[in-house]
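S.K.: Before anything else, here's the structure in question.
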Amino acid sequence: MSQSVVLYQLKNWFLLFFFSSLRLVVSAQPVTVSNEEILAYIADPQKQDIEFFWKNDKGEILESFRNLKAYVESKGKELIFATNAGMFMQNLHPLGLFIQHGKTVTPLNTREGKTNFYLKPNGVFYITTDNRAYIVETSAFKNDGNVKFATQSGPMLVIDGKIHPAFRPGSSSRNVRNGVGILPDNRIVFAMSKGDINFYDFAQYFLNMGCREALYFDGVVSVAYLPEKNWMQMDGICGVMIGVTRKKTNK
């Protein structure tokens, strides 16, 4: 084999290796998630009525936004946004901590497990009696008596301004996902992907919004109700739900 042929083959192998490596690097980069791919609602706990719901006055689990909407309207209110808010068991009972109107309905879950809920660190999203919103790791949560609402889920998406270390860019594990984040001005970002997304890119969305903490709520069962954007998933099965309401006005 001549020297020129050898050099030619070496050049081709080098180019093949270079571009193959480049493709691997490019494919590992996080995907920029556009606003069109995410259904988001920003709520201000200082100015809006935000409640956590589970059962009606008869002790029946509400289960769907259809039932939640009817329940809220029976109280003379209008439902303007709703989302499922934390993982639940087959009987629709919360898998982790749930506090409603200051009462602990289910305790903090610090057990070990293999599902997303147990991917540490997981966390707690809560609102205090003075209408401040927080997301903390489960190990850091303390109720000093001023917690009005709380729900536990997992994993954390963003921790102190950084994406959860278990997430990998380019991951092929993709699902519809929803979660919550806290903005620097203490407004709350509720977000749900309209299609399949991996954990890394979903966490990146909250990071790009300016959230230093964000918490995953759930995956394929995720649903949202936002009539102002013509998004009303009325029949999904939910455990704990979060609703933003306002006093109903006669038109």
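The values are calculated or read from the model by the stated rules, or taken from the named source; none is laboratory data. Nothing here was measured: the structure is a model prediction, and the numbers come from that model. Cβ placement follows ideal geometry from the backbone for every residue including glycine, while neighbour counts extend to all protein chains displayed. Calculation scope for accessible area: heavy atoms of the full protein, side chains included, ligands and nucleic acids excluded. Shrake-Rupley method; radii C 1.70, N 1.55, O 1.52, S 1.80 Å.
S.K.: Which of (1) touching a residue at least 12 places away in the same chain (Cβ under 8 Å); (2) more than 26 Å from SER193 (Cβ to Cβ); (3) in contact with a Leu (Cβ under 8 Å, 6 or more places away or on another chain); (4) not polar (S, T, N, Q) is the odd one out, the single condition LYS55 does not satisfy?
M.R.: For LYS55, the failing item is (1).
S.K.: Please enumerate the residues belonging to the range 224-246 that are at pLDDT below 95 and open to solvent by 90 Å² or more (accessible area, probe 1.4 Å).
M.R.: ASP235
S.K.: Across the range 126-160, which residue is farthest from the chain's Cα centre (by Cα) among those that are closer than 17 Å to ARG187 by Cβ and surrounded by fewer than 19 Cβ atoms within 10 Å (Cβ to Cβ)?
M.R.: If we take residues in the range 126-160 being closer than 17 Å to ARG187 by Cβ and surrounded by fewer than 19 Cβ atoms within 10 Å (Cβ to Cβ), then ASP130 is farthest from the chain's Cα centre (by Cα).
S.K.: I've got another one for you. Could you identify the single residue in LYS75, LYS69 that is modelled with pLDDT of 85 or more and open to solvent by 70 Å² or more (accessible area, probe 1.4 Å)?
M.R.: Selected residue: LYS75, the only one of LYS75, LYS69 that is modelled with pLDDT of 85 or more and open to solvent by 70 Å² or more (accessible area, probe 1.4 Å).
S.K.: If we scan the range 99-115, do we find a residue that is open to solvent by less than 10 Å² (accessible area, probe 1.4 Å), of a type in the set (A, V, I, L, M), within 16 Å of GLY239 (Cα to Cα) and touching a Ser or Thr at 6+ places or on another chain (Cβ under 9 Å)?
M.R.: Yes: one or more hits.
S.K.: Can you confirm whether the range 37-51 contains a residue that is modelled with pLDDT under 95 and part of a helix (DSSP H, G or I)?
M.R.: Yes, the range 37-51 contains a residue that is modelled with pLDDT under 95 and part of a helix (DSSP H, G or I).
A quick yes/no check of all residues on (1) farther than 22 Å from LEU183 by Cβ; (2) of a type in the set (Val, Ile, Thr):
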position	(1), (2)
ALA40	no, no
GLN46	no, no
GLU51	no, no
ASP57	yes, no
GLU73	yes, no
ILE80	no, yes
GLY86	no, no
LEU92	yes, no
GLY96	yes, no
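S.K.: Also, quick follow-up: Take GLY181 and decide whether it is open to solvent by 10 Å² or more (accessible area, probe 1.4 Å), modelled with pLDDT of 95 or more and within 15 Å of the chain's Cα centre (by Cα).
M.R.: no
S.K.: How about the range 34-47: which of its residues are within 22 Å of LYS148 (Cβ to Cβ) and either surrounded by fewer than 16 Cβ atoms within 10 Å (Cβ to Cβ) or in contact with a Leu (Cβ under 9 Å, 6 or more places away or on another chain) (or both)?
M.R.: TYR41, ILE42, ASP44, GLN46, LYS47
S.K.: Could you list all residues from the range 211-223 that are open to solvent by less than 30 Å² (accessible area, probe 1.4 Å) and either in contact with a Cys (Cβ under 6 Å, 6 or more places away or on another chain) or not acidic (Asp, Glu) (or both)?
M.R.: Within the range 211-223, CYS211, ALA214, LEU215, TYR216, PHE217, GLY219, SER222, VAL223 meet the criteria.
S.K.: Follow-up. Of everything in the range 187-202 that's touching a strand residue (DSSP E or B) at 6+ places or on another chain (Cβ under 6 Å) and more than 12 Å from ILE38 (Cα to Cα), which residue is least open to solvent (accessible area, probe 1.4 Å)?
M.R.: ILE188
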